[in-house]
1. Which residue pairs have Cβ atoms under 6 Å apart, sit 6 or more places apart or on different chains, and have a first residue in the range B:72-85 that is under 12 Å from B:Ala249 (Cα atoms) and a second that is of a type in the set (Val, Ile, Thr)?
2. Scan the range A:114-129 for residues that are assigned to a helix (DSSP H, G or I), facing chain B (nearest Cβ under 7 Å) and of a type in the set (Phe, Trp, Tyr) and jot them down.
3. Does the range B:261-275 hold any residues that are free of Cβ contacts under 8 Å to residues at least 40 places away in the same chain and either surrounded by fewer than 20 Cβ atoms within 10 Å (Cβ to Cβ) or of a type in the set (A, V, I, L, M) (or both), and which are they?
4. Hey, any hits in the range B:41-57 for a residue that's within 14 Å of another protein chain (Cβ to nearest Cβ) and farther than 30 Å from B:Ser126 by Cα?
5. Within the range B:270-294, track down each residue that is within 14 Å of chain A (Cβ to nearest Cβ) and closer than 23 Å to B:Leu247 by Cβ.
6. Among all residue pairs at least 6 apart or on different chains, which show Cβ distances below 8 Å where the first residue, located in the range A:76-94, is outside the structural domain of A:Lys156 (by TED's automatic domain parsing) and the second is modelled with pLDDT of 90 or more?
7. Please return the ranges of strands (runs of 3 or more DSSP E) entirely within the range A:1-84 where 3 or more residues are away from chain B (no Cβ under 14 Å) and on the phi < 0 side of the Ramachandran plot.
8. So B:Ala65 fits all but one of (1) surrounded by 17 or more Cβ atoms within 10 Å (Cβ to Cβ); (2) in contact with a Gly (Cβ under 6 Å, 6 or more places away or on another chain); (3) within 14 Å of another protein chain (Cβ to nearest Cβ); what number is the exception?
Amino acid sequence: MKKKYKLPIIASGPVHPLQEEMEFFQLYVDGETVVDIDVRLSYNHRGIEKISESLQFDQVPFLVSRICGICSASHPLAYVQAVEEIAGITPPERALYVRTIINELERIHSHILWVGLAGHFIGYETVFMWAWKYREPVLDMLEKITGNRNNYGNVKVGGCREDLPEGIDAEINPILDQIEKKMDMLTKAVLDDPILHARLKGVGVLKKEDAVAYAVTGPTARASGIPIDVRRDDPYAAYDLVDWNVCVQKEGDVFAKAVVRLLETFESIKMVRKAMAKLPKGPIAVEVKEIPPGEAIGHAEAPRGETFHYVRSEGGNTPARHKARAPSYVNVPSFKASCIGEKISDVLITLAAVDPCYSCTERVGVVERHTNRVIFDFDKLLQLSREKTEKIRKGI
Amino acid sequence: MEVIRHLFWLLVFPGFLFTVILGLYACWIVRKVTALIHHRIGPPALQPLYDVLKLLGKETLIPEAANKAVFIWAPVVGFASVLLLAILLWAVDFIPARDNGMFLGDVIVAIYLMVIPSLALILGSSASGSPHAAIGTAREMKLVMSYELVLVMAFIVVLIKTATFHGISDSQNDAQLLSLSSIAQYTPALSISGLLAFLAALLCVQAKLGFTPFDIPEAETEIAGGVLIEYSGALLALWKLAQAVMLVAFPLFLVILFMGGIGTGFGSVLLGLGKYVLVLVLLILIKNTNPRMRIDQTVKFFWFYCGPVMAVAIVLAMLGNYYDKWWL
């Protein structure tokens, strides 16, 4: 009979050089092979939804843009779309284009950031440094357009706060050309490197069935052969007014995820160019008098996947309920399907390959102080949430 | 006087002090060139020294689960052995063969001394009682087992080439070839088999130094420093110094084996320095143009790619020896 022994745990977190945020992955290892994984988040719960209920509708975008430093354009956009749906507002066309341009610039910088981080995670520091250098002009561009490198705060209910500055189209195209050229070089270098193939191909495969079962979104789903993209499936902003392609790969491994992101970078560059060329004249916002009672959802395709916001108004000045779901929330559990049975080195790049963003994902977790016993785990919280939803439904 | 001369030789030039300073400088070159490749500015020239001094002033923590004696002595042994190797190699370089006091078979001793730092690292990390270090130890062991055979095969090629250059066909004087001084007279890297052996040995040295793509035992984004995770303060400083001295000794060993050593006189020292820098730059370039490999891939790479190539190189070298063709 095989002796049953306790497996050693390799802890990735709560503070670990892999990621810059607080996260805790307990890898149960047998030699180098990971046989089980325990994902523990909630080190950085900030109570954003609760704060949101105490802010006015106009102030919330500034709050939700701070959910995530990287997706700081898509969260406010999803929220604003929900509020606009409640109030029945259609923003002017120019505002839609400006939103598209800012969101696509965000996607470009986020994807390049991921490429750099992925290089760092597998010890390829040169890719890390180069990618982040190439990302810098995009941030400069965003600063020129919105005033900030991150947390742009440019959307508001009814349109945009600021118009594009004058003469920006003369500046943005050369910068896009420059980024495209450099990313082209980097992409070719990355995709042709035999050692990168050896490290990334066939690693951390998320099969199509698993991807469907875990309901993953964004590049993680698209790399597993599921052609979903909110921008195409439920067009918002000006995504139905410019033509672009959804990039899909079938393999589902880390390499496919990298390819999807690299291709999407080029698509986004194209999209920004087209949007700049078609940019209509006119106002950038409509005046909003009041938000009537009602509820609505808004979603946007963040660089990591679908960002989902639910807003309920009771006719007052503030949202009565505001619920945000970041893409990492559905992408992170897919580790159970993609990581088990892999080697430690592969697991850690697989963890990074969905581009998890922990602070967006944080939910409250209650742990007893001295015994580390989990009092409220996921199931318990889910039950609580369902009970509360039931109560609210009865109230309506 | 003889004693003072020897002490000076061991402690100041080119022993402890000179080697450590050169090693820290080489560390800086590695970091600076890496930074330039990365489009970064890079650290000032004294940064490696500052790092070591700062570490020496820090508290040295020893984990409760650790085997204290092994944990503490491992870096000392590692540092001492690599320093001894460096002194051995300097003696071959700077003193004529007649009176450098080198002995028959010193090259075997050199190869042994090259293994000891890795063994000390394995001992020290396995004594530290951390699961990360345990994974790191297992990886380091696999790494040593994968590259050591290739290194010895490359070394056999060098011996055969030395015999060819020496023009000895009788077995009478063959034994003399087994010393660094006679190996350092020739440049096997100019021949086909010698070049193959040089490239393979370069990769082995890359692995010995723990540079990417073979920084698998440390792999900070996977196992957070692995073998070195529990080391801190003065003991970590010793490991850093050992790594700095390795950065002198291992490339120097390659220069002696494959490129004809350094020799005395201003011109040859300058040329020797050029050879050393060439090896160092090759190491840095490999380091910065590759991602980290997985340990199983590394074992496969050394055993199934480098191994057969080295076997071919040995056959080529034997043919060269038989037909007296130096370029084979």
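The values are calculated or read from the model by the stated rules, or taken from the named source; none is laboratory data. Predicted model, so just to flag it, every value in this text is computed and none were measured. Methodologically, a virtual Cβ is constructed for each residue, glycine included, from the backbone with ideal geometry; neighbour enumeration extends over all protein chains shown. Heads up: the accessible areas ignore ligands, DNA and RNA and are worked out on the full protein's heavy atoms, side chains in. Shrake-Rupley method; radii C 1.70, N 1.55, O 1.52, S 1.80 Å.
1. Final answer for the pair search is B:Ser81/B:Ile116; B:Val82/B:Val245; B:Leu83/B:Val245.
2. Matches in the range A:114-129: A:Phe121 only.
3. B:Gly265, B:Phe266, B:Gly267, B:Ser268, B:Val269, B:Leu270, B:Leu271, B:Leu273, B:Gly274
4. Yes: one or more hits.
5. Residues satisfying the conditions are B:Ile284, B:Leu285, B:Ile286, B:Lys287, B:Asn288, B:Thr289, B:Asn290, B:Pro291, B:Arg292, B:Met293.
6. So the pair list comes out empty.
7. Answer list for the range A:1-84: A:33-40.
8. Among (1) surrounded by 17 or more Cβ atoms within 10 Å (Cβ to Cβ); (2) in contact with a Gly (Cβ under 6 Å, 6 or more places away or on another chain); (3) within 14 Å of another protein chain (Cβ to nearest Cβ), the lone unmet condition for B:Ala65 is (1).
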